[in-house]
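Accompanying notes for the structure given below.
The values are calculated or read from the model by the stated rules, or taken from the named source; none is laboratory data. Everything numeric in this text was worked out from a predicted model, so none of it was measured. Cβ placement follows ideal geometry from the backbone for every residue including glycine, while neighbour counts extend to all protein chains displayed. What goes into the accessible areas is simple: the full protein's heavy atoms, side chains included, and nothing from ligands, DNA or RNA. Shrake-Rupley method; radii C 1.70, N 1.55, O 1.52, S 1.80 Å.
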Amino acid sequence: MKILVINCGSSSLKYQLLEMSNENLLAKGLVERIGDKGSSITHEKTGLSEKFKSVAPMNSHREAISHVISALTDEEHGVVLSMNEINAVGHRVVHAGENYAGSVMITAEVIKVLEDCVELAPLHNPPNLLGIHACVELMPNTPMVAVFDTAFHQTMPPEAYIYAIPFGYYQKYGIRKYGFHGTSHKYVAERAADIMGVNLNDMKIITCHLGNGASVSAIKRGKCIDTSMGFTPLEGLVMGTRSGDLDPAIVSYISKKENLSLSDVIDKLNKESGVLGISGVSSDFRDLEIAVGEGNKRAGLALKVFAHKVRFYIGAYIAEMNGVDALVFTAGIGENDINMRDIICSELGNLGIKLDLIKNKVKGKETIISRDDSRVTIMMIPTNEELMIARDTYALAK
Ligand code: ADP
């Protein structure tokens with residue numbers, strides 16, 4: 001059974017085609033600058049050393065999906081003869097509110113629910129919906145499945161997701177903690193249990209998804225009991241360009257001082273804050289580390305603030321779960337930034353977290369990086385959200 005995975009952003013679209021009998025990746029690709037000048041598709045067929053890149057006008061997500069279909073069925077770099085060989089499509093969808101705690105087959109009713117959730121995720125759900133509509137139009141007989149970023153976190157108890165604001169706001173507007181990156185947290189937690197050869201239901205795990213967007217989750221007996229992102233992906237850790245947690249009074253204070261609207265301030269907290277805001281250099285940790293090497297103090301401060309917040313959440317979640325068996329690092333920074341993993345884990349020995357500095361010198365490959373005498377097993381596990389989406393799609397569509 002072949003499953004196509006689609007992840008639509010506002011101007012980009014990532015896709016993968018997988019053969020589920022052996023979970024092999026057949027092809028993957030990226031469409032960029034949809035609706036802009038110079039839109040392009042980069043397509044990679046597994047086993048071929050050269051990538052295929054084509055620049056073509058793509059004014060809509062529908063046109064982008066048409067190019068994906070052409071690439072997948074192309075004589076030279078294609079992997080299927082026709083789209084009839086594709087048995088189902090799995091779509092990444094960011095926000096399902098409180099409606100779904102797992103993946104679902106897409107029906108007219110599901111689409112209506114996702115449209116109702118646009119208010120909760122105005123940047124993410126609209127492009128996700130465009131991708132779904134385009135695929136339904138171009139592949140009307142192929143089953144479609146929605147896999148949600150929020151679903152894995154639906155097991156949080158009310159004490160973790162209720163904000164201490166007038167309760168009516170939760171009842172009227174659904175204002176609560178939802179959490180994001182759920183597919184990634186779930187994937188690495190399952191892999192951690194597999195690697196350790198322990199039943200997930202017997203484990204307490206803290207997963208650190210540290211990418212441009214970053215979040216930490218507490219996973220007890222396979223269920224998420226708390227996570228650092230909140231009502232939107234702005235809460236929690238310091239990120240590339242997002243502030244993470246701050247005193248909400250700061251929002252109106254900046255608005256008054258800088259003569260900005262509240263939504264402009266929120267925009268600054270999303271796009272001009274985080275390690276970029278502190279350093280003034282970059283949101284990319286590679287650039288920050290180069291700047292530190294050149295003596296840039298604010299770049300150094302940005303890295304310290306980032307690490308401080310990750311350690312803060314690790315400590316909090318150890319307290320919430322009354323212990324931890326495994327600590328997992330994943331995503332761009334978690335998988336590649338040896339120095340950052342070292343800073344985060346330093347001085348946590350009393351909590352049973354002891355990093356092996358030699359084993360830690362690893363990038364992009366599943367590895368246990370704790371010392372033999374560390375009570376907590378520390379792991380680096382590359383995330384694979386696409387595989388999780390394909391698995392859920394396969395399970396529902398078959
Ligand atoms: P997202 O999917 O949220 O866009 P990623 O998980 O791909 O983000 O992470 C991207 C980030 O990972 C980059 O901005 C950079 O900060 C960090 N990163 C990637 N490679 C490295 C590396 N070799 N060393 C340090 N940081 C890295």
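Points worth noting:
- Selection count, segment 344-369, where residues are open to solvent by less than 60 Å² (accessible area, probe 1.4 Å) and under 19 Å from Ile314 (Cα atoms): 11
- Considering residues of segment 279-315 that are more than 14 Å from the ligand (Cβ to nearest atom) and over 23 Å from the mean Cα position of the chain (by Cα) only, the residue least open to solvent (accessible area, probe 1.4 Å): Gly300
- Of residues in segment 166-180 being of a type outside the set (Phe, Trp, Tyr) and outside any helix (DSSP H, G or I), the one surrounded by the fewest Cβ atoms within 10 Å (Cβ to Cβ): Pro166
- 1 or more residues open to solvent by 10 Å² or more (accessible area, probe 1.4 Å) and among the acidic types (Asp, Glu): qualifying strands (runs of 3 or more DSSP E) within segment 188-234: 223-227
- From the list Ser21, Ser49, the one residue that fits, being at pLDDT 90 or above and out of contact with any Gly (no Cβ under 9 Å at 6 or more places or on another chain), is Ser21.
One line per residue, one yes/no per condition, for (1) in contact (Cβ under 8 Å) with a residue 40 or more places away in the chain; (2) closer than 19 Å to Ala218 by Cα; (3) of a type in the set (A, V, I, L, M, F, W, C):
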site: Tyr313; (1), (2), (3): yes, yes, no
site: Val324; (1), (2), (3): yes, yes, yes
site: Leu348; (1), (2), (3): no, yes, yes
site: Leu351; (1), (2), (3): no, yes, yes
site: Ile358; (1), (2), (3): no, no, yes
site: Lys363; (1), (2), (3): no, no, no
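The rows are residues; the columns are (1) β-branched (Val, Ile, Thr); (2) closer than 26 Å to Cys208 by Cα.
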site	(1), (2)
Met83	no, no
Val89	yes, no
Gly97	no, yes
Val104	yes, no
Pro158	no, yes
His185	no, yes
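- Of all residues in segment 316-353, those satisfying the criterion of being within 14 Å of the ligand (Cβ to nearest atom) and among the small types (Gly, Ala, Ser) are Ala331, Gly332, Gly334.
- Selected residue (criterion: surrounded by the fewest Cβ atoms within 10 Å (Cβ to Cβ)) from residues of segment 20-48 that are among the basic types (Lys, Arg) and under 22 Å from the mean Cα position of the chain (by Cα): Arg33
- Contact map, segment 204-228: first residue within 24 Å of Leu123 (Cα to Cα), second residue away from the ligand (no atom under 12 Å from the Cβ) and among the basic types (Lys, Arg), Cβ cut-off under 8 Å, separation 6 or more or different chains; pairs are Thr227/Lys177.
- Taking segment 148-165 as the range and being touching a residue at least 60 places away in the same chain (Cβ under 8 Å) and either open to solvent by less than 10 Å² (accessible area, probe 1.4 Å) or over 18 Å from Tyr317 (Cα atoms) (or both) as the test, the residues that pass are His153, Met156.
- Filtered by the rule that a residue be buried (at least 16 other Cβ atoms within 10 Å of the Cβ) and not in a helix (DSSP H, G or I), segment 52-73 gives Phe52, Met58.
- Checking each residue in segment 220-244 for being away from the ligand (no atom under 14 Å from the Cβ) and touching a Ser or Thr at 6+ places or on another chain (Cβ under 6 Å) picks out Lys223, Cys224, Thr227, Ser228, Ser243.
- Filtering segment 365-398 to residues that are under 21 Å from the mean Cα position of the chain (by Cα), in a strand (DSSP E or B) and of a type in the set (A, V, I, L, M) leaves Ile378, Met379, Met380.
- Residue check, Val110 part of a strand (DSSP E or B) and at pLDDT 95 or above: no
- Unmet requirement for Ser49, which otherwise passes all of (1) free of Cβ contacts under 8 Å to residues at least 60 places away in the same chain; (2) small (Gly, Ala, Ser); (3) closer than 26 Å to Asn141 by Cβ: (3)
- In segment 370-383, of all residues being open to solvent by 20 Å² or more (accessible area, probe 1.4 Å) and either at pLDDT below 95 or of a type in the set (Ser, Thr, Tyr) (or both), the one that is farthest from Asn128 (Cα to Cα) corresponds to Thr377.
- Of all residues in segment 123-134, at least one satisfies being under 21 Å from Met388 (Cβ atoms), open to solvent by 60 Å² or more (accessible area, probe 1.4 Å), under 18 Å from the mean Cα position of the chain (by Cα) and not β-branched (Val, Ile, Thr).
- Residue match in segment 140-147 (condition: surrounded by fewer than 19 Cβ atoms within 10 Å (Cβ to Cβ) and assigned to a helix (DSSP H, G or I)): no
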